[in-house]
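Reading through the structure tokens given below for one structure.
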Amino acid sequence: MASKRLTRRAVLGVGGPSVQDRGPSPGAAPSRGLSDFLLDREQVRRLTEMLLSLSPSKETVVLLRRTYATHVRAAFNAITTSGSTYTTSVTVGLVVGNRLGVATADDVSEAALRQVVREAEENARSEWFGMPLDEGRDPLPGPQEYLPIRAFFESTARATPEARADAMRRVLAVAQAKNLVAAAFMTTSAGIVAVANSAGLFAYHASTDAQISMTFRTRDGSGSGWAATSARDFEELDVEEAARVAAEKAIRSVNPRELPPGDYTVILEPDAFADMGPNVTALLTGRRGGGGGIFGPDLSLLPAERVEVGKPITNPLYTLRSDPTHPKLLGMPFTLAGGGFGFGGGGLGGGGAALLQAGRPTRKITWIEKGIVRNLLLSPAQARRSGGEPTPAPTSLIIEGGEGTLEDLIRKTDRALLVTRFWYIRALNPILGTSTGLTRDGLFLVENGEIKYPVKNFRFNESWRTVVENTEAMTAPYKRVRDALYPAVRTRAFTFSSGSDAIE
Amino acid sequence: MGISRREFLRRCGRTTVTLMAVEGASVLRDWPLSSVAEVSARALLVTDWKELADIALETARRLGASYADIRIIRSRRETVAVGPGGGGGFGMGPALEEEGRDRRPARVTRSESFGFGVRVLYNGTWGFSASPLVTPDEIRRIATEAVAIARANAAIHTARVRLAPVKAYRDTWQTPMAKNPFEVSLQEKVALLTRVEELGRKVRGVARVNASLAFVHEHKRFASTEGSYIEQHIYHTLPNLTVTALRREASARPEIATRNAFIPPQSIGYEYVEQLKWAEIVEQIAHEAVEMLSAREVEPGRYTLLIAPSNLYLTIHETIGHSTELDRVLGYEANFAGTSFLTLDKLGKYRVGSKIVNFVADRTTPGGLATVGYDDDGVPAQRWHLIREGILVGYQTTRELAHAVRENFSRGCSHADSWSSIPIPRMPNVWLEPGKERLSPEDLIADTKAGILIEGRGSYSIDQQRLNFQFGGNAFWEIRNGKKVGMLRNVIYQSYTPEFWSSCDAICSQEYWVNQGTPGDGKGEPQQTNSVSHGCAMARFRNITVLNSGSV
């Protein structure tokens, strides 16, 4: 037994993750489980080196992800369910005879690692799973420089069940005090992700995140308000402020008035705007689909409008740039290029040739400035052809161009409907960029700079392109929703097509 | 107690590559492509899994849990696809072009997942934890964590959970099937799909055909402190077939139209694939796709709608399936998808639909995607009415929810979509009873003076109380004086649930009932997926608002 243990330890090293200590964390000492689970940079380097050394191929890529995720859920002012999950995913892609084979394991034991390399090779040689590659394909990227991004906070990783339950208790207490009924959902996650390849590339990133959303209803069900907030540092997650906002919206949304369907000027708060905001890929590739072409090269259907650097492409109010180092985003310093990353198993044959380019750095880049194209999206092959540098995908996006706060924007508004969020959005027509959906949990009429009264919910049918083109004002960007930083915007002629009696 | 390491390793000895005597190695984590190792590994698990399960239950009990259960689940999935890369959407055509895109004649993917989840009740409060490492030590650690979470939550005010009683079952169950899809060779599957694709492409005007098969196998082992040990093998077979037609004109923007056959996914074996009339199906939808290129724009207005099962099943799902989930009614989902307009006070009284409208909840339907032997609380599968002659008469319940409708038994709707998910109340199959008198879709069309016939699924959106909804479709025909007179495009219909079902004045009969369904229903936080069937026959609805989705 002892010798086996030594072998594993020799492979994986000892000790826990070397993370920034943010001072005393709440609750009891962290369980040994998590320390062993979140491998540090050195442990991962040894692990990936082992995998690369086992591979028969000089074109091998290894992806590793380990995540510890928790959740606490509440409804009618009480906690309903709560849990935690440990997930691991190790993906190996290797090329044999110009064919790519991919395999995934959900375990980092020596046995599992040997097995996954074996399977990847079998898949490469298999007529079913081996993916034929272009002879003239891009070489694996070698060692890269990455933006320094510290996105891991001990306080989040070590947040105990007691600390998490207490955060939820504080939310529910606000609802109780105002005689409201709360439902809420809070998650924390702590994880590591790494890429290594046989050209010497090694990338490692540890991150944490904490998110909470809540819906408060009045006891008679006639009013409902929603709020959400997030922070990578659990100590910065301001649950009380979110609860205060949700409560205020709930109380102020009681007895909504019915307005007729039609086109309205709307103020979209960031969570609503995030659902109907600019699609950078669509704008930069000049195609009229939701995110790319409609057909492949042999059926190129819609002629691509020529997008060039220096050409105005959208509303001059908009500047769209990527910045993974922004303190409110703290995004990924590298891309994974879609390498079959399901947890606990993942997919075989689903990774695609893009897996071989995993580990490319993200960087700060301005895509569109005041409506004018500053950079195009360039894949490695496109960059080679045009003699430029490849660009990463538009992650960690910041949408800016305005100033001031939401309160400032409201004060300068003659008449508009203020939208908290949208719900059940479904694409209607990707070519036009139209979607349908509903408003929910806080719809108010603003008139002469003030919120006048709540309004009954609507169903909308609208296109994000229209929202962007018709934007007349925006705040400074202030809220992270998913992987981007959004402002609130005021935009004209938003189509509300029918009414809904639904409150909550 | 758990078996000793030595005993365990002795039993391991016979099997091949995957089982290693390395401390901390995951037991049986691999389903290698070799079926020999698979069979041995499975045989091993059958004898030992109860001992592993007992470790979780005893650990939880020892730490003060009043109830505990464990799910050890191995699931695997295989997809086989032919046709140019990317899949057809809802009438919208394939997705991104890729550089260095996949040029294999067929695309095959396989994935598996193996792990366990432990759920406990401590002081009336739930706790849960899960891990992919199925070893005695890890099971102990995870069970301990689940109890720690439950204890932390119990310390503050929580809704105390009351579970309706359930008997102990020691049983095994498998989806009834004749041919295990995972034992059919890839050669055979690819040959079938390739033939279908070739047939489709012969039709003039067709640009591409995408044909695929997907198979799912869930091997679930459940044990609880009630004394149950239940092992189930659930199989799903999901064929998919789309045809895209293309017309290019010199200067105008090229037209495309995609028609999906909407072959009903079923809980069944490969025999289903063999019995389908592929040649007829692909020929028909290929011609329809070409015809769709010339479809006229629909004029917005109010219409009589004839809705085929391939569209109606989703309307059933959204308006009736979700609105009768009791946890949703009570407010458990308020922070996610919302609540339901079918509040408790309406039980037994409220009119949801016309007198000919009856909905049955049923986890025993042969071929139903939600058909099982037992749910994830260990409750046997059942059947009951949700709506009878248009009136709300029942809900979907679990052990935890039963008391809210004053029942002391669960209707078996608990479901976790993987080993890493906590069981939550999920929809069973919900089907619409067919009309009592013989009525075919042809009869129904002939009986309709003016209207629109809708087939296939398109966009779908519904509000947070399941009232205001707006649905699209895939293919639409205008009906005039009892005949189909040409195709329409961009039809979307918008209505309110009780008004919609109350306007139903005809339903085709038993012979035309189709067990349609969807493998991808989302619910819960963290979100989980659920597969569910909604059998129905074509039905007619009067005076429904229709909009044009191309000009909203």
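Based on what the data block shows, is B:Thr242 under 23 Å from the mean Cα position of the chain (by Cα) and of a type in the set (Val, Ile, Thr)?
yes
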Problem - Condition met for B:Ser461 (hydroxyl-bearing (Ser, Thr, Tyr), without any contact (Cβ under 8 Å) to a residue 24 or more places away in the chain and within 14 Å of another protein chain (Cβ to nearest Cβ)) - result: yes
Handout entry: Hey, A:Tyr478 surrounded by fewer than 16 Cβ atoms within 10 Å (Cβ to Cβ) and of a type outside the set (D, E, K, R) or not
Key = yes
Handout entry: Top-ranked residue of the stretch A:178-187 - restricted to ones that are open to solvent by 10 Å² or more (accessible area, probe 1.4 Å) and either basic (Lys, Arg) or farther than 18 Å from A:Ser222 by Cα (or both), ranked as nearest to the other protein chains (Cβ to nearest Cβ)
Key = A:Phe185
Handout entry: Residue in the stretch A:340-394 that is modelled with the highest pLDDT, counting only those that are polar (S, T, N, Q) and within 29 Å of A:Ala103 (Cβ to Cβ)
Key = A:Thr362
Problem - Filter result (more than 10 Å from chain A (Cβ to nearest Cβ) and either part of a strand (DSSP E or B) or in contact (Cβ under 8 Å) with a residue 60 or more places away in the chain (or both)) within the stretch B:121-133 - result: B:Leu121, B:Tyr122
Practice task
Kindly indicate whether B:Glu98 is among the charged types (D, E, K, R), surrounded by fewer than 23 Cβ atoms within 10 Å (Cβ to Cβ) and at pLDDT below 85.
Solution key: yes
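So which of B:Pro498, B:Pro519 is surrounded by fewer than 24 Cβ atoms within 10 Å (Cβ to Cβ) and not in a strand (DSSP E or B)? Give the steps one after another, and end with the answer.
Numbers: B:Pro519 fails: not in a strand (DSSP E or B).
Step by step, each of B:Pro498, B:Pro519 is checked, and only B:Pro498 is surrounded by fewer than 24 Cβ atoms within 10 Å (Cβ to Cβ) and not in a strand (DSSP E or B).
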Exercise for the section: Would you point out which residue out of A:Ala74, A:Ala29 is crowded, with 24+ Cβ neighbours inside 10 Å, closer than 30 Å to A:Leu172 by Cα and either at pLDDT 95 or above or within 14 Å of chain B (Cβ to nearest Cβ) (or both)? Expected result: A:Ala74
Problem - Of all residues in the stretch B:511-532 being in contact with an Asp or Glu (Cβ under 9 Å, 6 or more places away or on another chain) and either more than 13 Å from chain A (Cβ to nearest Cβ) or of a type in the set (A, V, I, L, M, F, W, C) (or both), the one that is farthest from A:Thr495 (Cα to Cα) - result: B:Trp513
Exercise for the section: Return the pairs, sorted by first residue and then second, in which the second residue is in a strand (DSSP E or B) and basic (Lys, Arg), the first residue lies in the stretch A:485-504 and is more than 14 Å from chain B (Cβ to nearest Cβ), the beta carbons are less than 6 Å apart, and the residues are 6+ apart or on different chains. Expected result: A:Tyr486/A:Lys479
Practice task
Considering only residues that are surrounded by fewer than 19 Cβ atoms within 10 Å (Cβ to Cβ) and within 27 Å of the chain's Cα centre (by Cα), look in the stretch A:408-426 and name the one that is farthest from A:Arg252 (Cα to Cα).
Solution key: A:Arg426
Practice task
Take the residues in the stretch A:481-504 that are out of contact with any Pro (no Cβ under 7 Å at 6 or more places or on another chain) and farther than 17 Å from A:Ala416 by Cα, then tell me which one is most open to solvent (accessible area, probe 1.4 Å).
Solution key: A:Arg482
Practice task
Report whether or not A:Ala111 is buried (at least 19 other Cβ atoms within 10 Å of the Cβ), at the interface with chain B (Cβ under 8 Å from one of its Cβ atoms) and within 21 Å of A:Ile212 (Cα to Cα).
Solution key: no
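Could you run through the stretch B:344-368 and say how many residues are part of a strand (DSSP E or B) and of a type in the set (Gly, Ala, Ser)?
Result for the stretch B:344-368: 1.
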Problem - For B:Thr109: the one exception among (1) modelled with pLDDT of 85 or more; (2) facing chain A (nearest Cβ under 7 Å) - result: (1)
Exercise for the section: Select from the stretch A:372-387 the residues that are within 12 Å of chain B (Cβ to nearest Cβ) and in a helix (DSSP H, G or I) and list them in ascending order. Expected result: A:Pro380, A:Ala381, A:Gln382, A:Ala383, A:Arg384, A:Arg385
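Which ones in the stretch A:143-202 are assigned to a strand (DSSP E or B) and hydroxyl-bearing (Ser, Thr, Tyr)?
Result: A:Thr187, A:Thr188, A:Ser189.
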Fill in the blank from the handout: Of the listed residues (B:Ala159, B:Ala146), the one being closer than 17 Å to B:Ser421 by Cβ, surrounded by 15 or more Cβ atoms within 10 Å (Cβ to Cβ) and facing another protein chain (nearest Cβ under 9 Å) is B:Ala146
Problem - the stretch B:369-406: number of residues that are in a loop (DSSP other than H, G, I, E, B) and in contact (Cβ under 8 Å) with a residue 60 or more places away in the chain - result: 17
Practice task
Go through the residues of the stretch A:425-443 one by one and say whether even a single one is facing chain B (nearest Cβ under 8 Å), touching a Phe, Trp or Tyr at 6+ places or on another chain (Cβ under 6 Å) and aliphatic (A, V, I, L, M).
Solution key: yes
Practice task
Filter the stretch B:194-210 for residues that are under 13 Å from B:Ala289 (Cβ atoms), assigned to a helix (DSSP H, G or I) and open to solvent by less than 30 Å² (accessible area, probe 1.4 Å) and give the result.
Solution key: B:Gly200
Completion exercise
Within the stretch B:167-225, residues being closer than 30 Å to B:Ser414 by Cβ and acidic (Asp, Glu) number 2
Fill in the blank from the handout: Over the stretch A:119-139, the set of residues in a helix (DSSP H, G or I) and surrounded by fewer than 17 Cβ atoms within 10 Å (Cβ to Cβ) is A:Arg125
Fill in the blank from the handout: Among residues of the stretch A:388-403 being open to solvent by less than 30 Å² (accessible area, probe 1.4 Å) and part of a strand (DSSP E or B), the residue farthest from the other protein chains (Cβ to nearest Cβ) is A:Ile398
Practice task
Determine, yes or no, whether B:Val298 is in contact with a His (Cβ under 7 Å, 6 or more places away or on another chain), farther than 30 Å from B:Ile73 by Cβ and surrounded by fewer than 24 Cβ atoms within 10 Å (Cβ to Cβ).
Solution key: no
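Run down A:Thr104, A:Thr156, A:Thr87 and say which single residue is within 30 Å of B:Asp69 (Cα to Cα), within 7 Å of another protein chain (Cβ to nearest Cβ) and touching a Ser or Thr at 6+ places or on another chain (Cβ under 8 Å).
From the options A:Thr104, A:Thr156, A:Thr87, the qualifying one is A:Thr87.
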Practice task
Could you please find all residues in the stretch B:464-495 being open to solvent by less than 30 Å² (accessible area, probe 1.4 Å), more than 28 Å from B:Ser323 (Cβ to Cβ) and either part of a helix (DSSP H, G or I) or touching a helix residue (DSSP H, G or I) at 6+ places or on another chain (Cβ under 7 Å) (or both)?
Solution key: B:Ile479, B:Gly482, B:Met487
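The values are calculated or read from the model by the stated rules, or taken from the named source; none is laboratory data. Just so you know, these numbers come straight off a predicted model, no measurement behind them. No Cβ is skipped: glycine too gets one built from the backbone with ideal geometry, and neighbour counts run over all protein chains shown. Accessible surface is based on the protein model in full, side chains and every heavy atom, while ligands, DNA and RNA are left aside. Shrake-Rupley method; radii C 1.70, N 1.55, O 1.52, S 1.80 Å.
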